[in-house]
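Worksheet for the structure shown next.
The values are calculated or read from the model by the stated rules, or taken from the named source; none is laboratory data. As the structure is a computational prediction, the values presented were derived from the model and not from experiment. Positions of Cβ are generated from backbone atoms using ideal geometry, with glycine treated the same way; all protein chains shown enter the neighbour counts. Just so you know, the surface numbers come from the protein's heavy atoms only, side chains and all, with ligands and any DNA or RNA stripped out. Shrake-Rupley method; radii C 1.70, N 1.55, O 1.52, S 1.80 Å.
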Amino acid sequence: SLRFSFTGFMSSESEMLTWKAEGLPSDGLSLENAVVILQGTQVPYIIDPSTQATTWLKGHIKKGGGTLEVVTIQDPRFTTTLELAVRFGKTL
């Protein structure tokens, strides 16, 4: 019997191979998270203690010609940076 695949339905095999080549771990959860991040209609909030997703996402966005700013909650300018990102639609 055929099983439904969320990642297979929401992305193509070539997209997933590209993500893996960009450094995304090849486990199922990482692929599902990548689909949600890239195909979702709402802005994702990513908590990434291992920094694997952050590293991959920075490379993926830069490869596509976009800009990305990474900030930690310990950053003294966190609130200002977050406010400016929301106000001007920046990727944070």
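Only residues that are part of a helix (DSSP H, G or I), out of contact with any Leu (no Cβ under 8 Å at 6 or more places or on another chain) and open to solvent by 80 Å² or more (accessible area, probe 1.4 Å): list them for segment 60-79, please.
If the condition is that a residue be part of a helix (DSSP H, G or I), out of contact with any Leu (no Cβ under 8 Å at 6 or more places or on another chain) and open to solvent by 80 Å² or more (accessible area, probe 1.4 Å), then LYS63, THR79 are the ones that fit.
Report yes if LEU57 is surrounded by 14 or more Cβ atoms within 10 Å (Cβ to Cβ), within 21 Å of THR18 (Cα to Cα) and at pLDDT below 85, otherwise no.
Details: surrounded by 14 or more Cβ atoms within 10 Å (Cβ to Cβ): yes; within 21 Å of THR18 (Cα to Cα): yes; at pLDDT below 85: no.
When the stated conditions are applied, LEU57 does not pass them.
Residues in segment 80-92 that are assigned to a helix (DSSP H, G or I), among the hydrophobic types (A, V, I, L, M, F, W, C) and open to solvent by less than 100 Å² (accessible area, probe 1.4 Å): how many? Spell out the reasoning first.
Kept after step one, since they are assigned to a helix (DSSP H, G or I), are these residues of segment 80-92: 80-88.
Okay, now just the ones that are also among the hydrophobic types (A, V, I, L, M, F, W, C), so 82, 84-86, 88.
Applying the additional criterion that residues be open to solvent by less than 100 Å² (accessible area, probe 1.4 Å) yields 82, 84-85.
The number of residues fulfilling the criteria is 3.
Which one of these does VAL43 not meet: (1) assigned to a loop (DSSP other than H, G, I, E, B); (2) at pLDDT 90 or above; (3) open to solvent by 100 Å² or more (accessible area, probe 1.4 Å)?
Single failed check for VAL43: (2).
Regarding THR18, is this residue closer than 29 Å to PHE4 by Cβ, open to solvent by 50 Å² or more (accessible area, probe 1.4 Å), free of Cβ contacts under 8 Å to residues at least 12 places away in the same chain and not hydrophobic (A, V, I, L, M, F, W, C)?
Yes.
Quick check, is ALA34 under 12 Å from the mean Cα position of the chain (by Cα), surrounded by 14 or more Cβ atoms within 10 Å (Cβ to Cβ), of a type in the set (Gly, Ala, Ser) and part of a helix (DSSP H, G or I)? Spell out how you get there, then give the answer.
Numbers: under 12 Å from the mean Cα position of the chain (by Cα): yes; surrounded by 14 or more Cβ atoms within 10 Å (Cβ to Cβ): yes; of a type in the set (Gly, Ala, Ser): yes; part of a helix (DSSP H, G or I): yes.
Here the answer is yes, as ALA34 does meet what is asked.
Which pairs do you get when a residue that is farther than 20 Å from THR55 by Cβ, found in segment 67-87, comes within reach of a residue that is assigned to a loop (DSSP other than H, G, I, E, B) and open to solvent by 80 Å² or more (accessible area, probe 1.4 Å), reach meaning Cβ atoms under 6 angstrom, with the pair 6+ apart or on two chains?
none
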